[in-house]
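Input: a single structure, listed below in structure tokens.
The values are calculated or read from the model by the stated rules, or taken from the named source; none is laboratory data. Since the model is a prediction, treat every value here as computed from it, not as a measurement. Positions of Cβ are backbone-derived with ideal geometry, glycine not excepted, and every protein chain shown enters the neighbour counts. The area values use the complete protein model at the heavy-atom level, side chains included, leaving out ligands, DNA and RNA. Shrake-Rupley method; radii C 1.70, N 1.55, O 1.52, S 1.80 Å.
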Amino acid sequence: VRMSTPKKRLNRYNPASDDFKKEEFPFYWIARVYGRYNMAMEKTLKKIDLDVPRWRILFILKENGQSSISELSEHAIAKLSTVTKIVYRMKDDGLVDTAPCANDGRVTQVTITDHGRRTVEEIQANTAHLFTNSFKGLTEAQIAKLNVTLEKIFANLPED
């Protein structure tokens, strides 16, 4: 019986290696999980006339109270110009308000409105099953470990 070396075992995770196996590549699973999750969220949110970018922005504001457009862009994983357009559409829909930052007039602060908070409650009611089903069979400790691992990988990746 031939033993595999630690280096050879690690190679199966590296796409540049001849020993690479896609099913053992963490980014393969990250991409598949994200894709399936995103499709399920889009389908669920469409029923209440929303989309994933608006959902992300509303939940960031629910947690932070207010954020600059650039902070929203960073956490919503979207281009600044895209987030700016979405924020002003959300303002027209009464979900958010905008105002110049008190310290720096060049920065636009975004806050969630009462209508936005009610919309968040509606989103939560409509998506609760998705979150519950996604983590079925996992313990709180496993979910926490997964988050720590993903955060480490995120920190290892280049910003640009």
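For F59 and K22, FRET efficiency with R0 = 41 Å and r from the beta-carbon atoms, rounded to 0.05?
0.80
If R₀ is 30 angstrom, what is the calculated FRET efficiency for the pair Q124 and L157, using the beta carbon separation as r and rounding to 0.05?
0.50
Can you tell me how segment 103-157 classifies by the Cα gyration tensor, rounded, prolate or oblate, using a/c under 1.5 as the rounded cut?
Oblate is the answer for segment 103-157, as a/c is 1.5 or above yet b/c matches or exceeds a/b.
Taking a 23 Å limit on the Cα-Cα distance, which of the listed pairs K21/K136; K43/K136; K22/K43; K46/K85 fall beyond it?
K21/K136; K22/K43
Between the helical axis of 80-92 and the dominant principal axis of the chain, each derived from Cα atoms, what acute angle in degrees is found, rounded to the nearest 10?
Once rounded, one gets 40 degrees.
Want the number for K91 to R12: 0.36 nm per residue separation, take away the alpha-carbon distance, what's left?
Separation in residues times 0.36 nm, less the Cα-Cα distance, equals 23.6 nm.
Rounded, prolate or oblate: which fits the chain, taking a ≥ b ≥ c as square roots of the Cα gyration tensor eigenvalues, rounded meaning a/c under 1.5, else prolate when a/b beats b/c?
prolate
Highest GNM mean-square fluctuation, the chain, Cα pairs closer than 10 Å: which of V33, V83, V110?
V33
Rounded to the nearest 0.05, what FRET efficiency do K43 and E74 give with R0 = 22 Å and r taken as the Cβ-Cβ distance? Could you check?
0.25
If you roll a 1.4 angstrom probe over the protein chains with everything in place, what fraction of the accessible area of segment 1-129 belongs to carbon and sulfur, to the nearest %?
Here it works out to 54 percent.
With a 1.4 Å probe and every protein chain left in place, work out the accessible area per residue of segment 7-75 in Å², rounded to a whole number. Kindly include the intermediate steps, with their values, before the conclusion.
Details: 4780 Å² over 69 residues.
Roughly 69 Å² per residue, with all protein chains present.
Compute, for segment 18-115, the length of the dipole vector about the Cα centre, with Cβ point charges of +1 (Lys, Arg) and -1 (Asp, Glu) only. Units Debye, rounded to 20.
Once rounded to the nearest 20, the dipole reads 320 debye.
Note the angle between two axes, namely the Cα long axis of helix 140-156 and the longest principal axis of the Cα atoms of the chain, as a number of degrees from 0 to 90, rounded to the nearest 10.
Approximately 90 degrees, to the nearest ten.
Tell me, which longest segment in the chain has none of the trypsin sites (Lys or Arg not before Pro) that fall in DSSP loops with at most 15 further Cβ atoms within 10 Å?
Looking at the chain, 48-78 is the longest stretch - no exposed trypsin sites (Lys or Arg not before Pro) with at most 15 other Cβ atoms within 10 Å.
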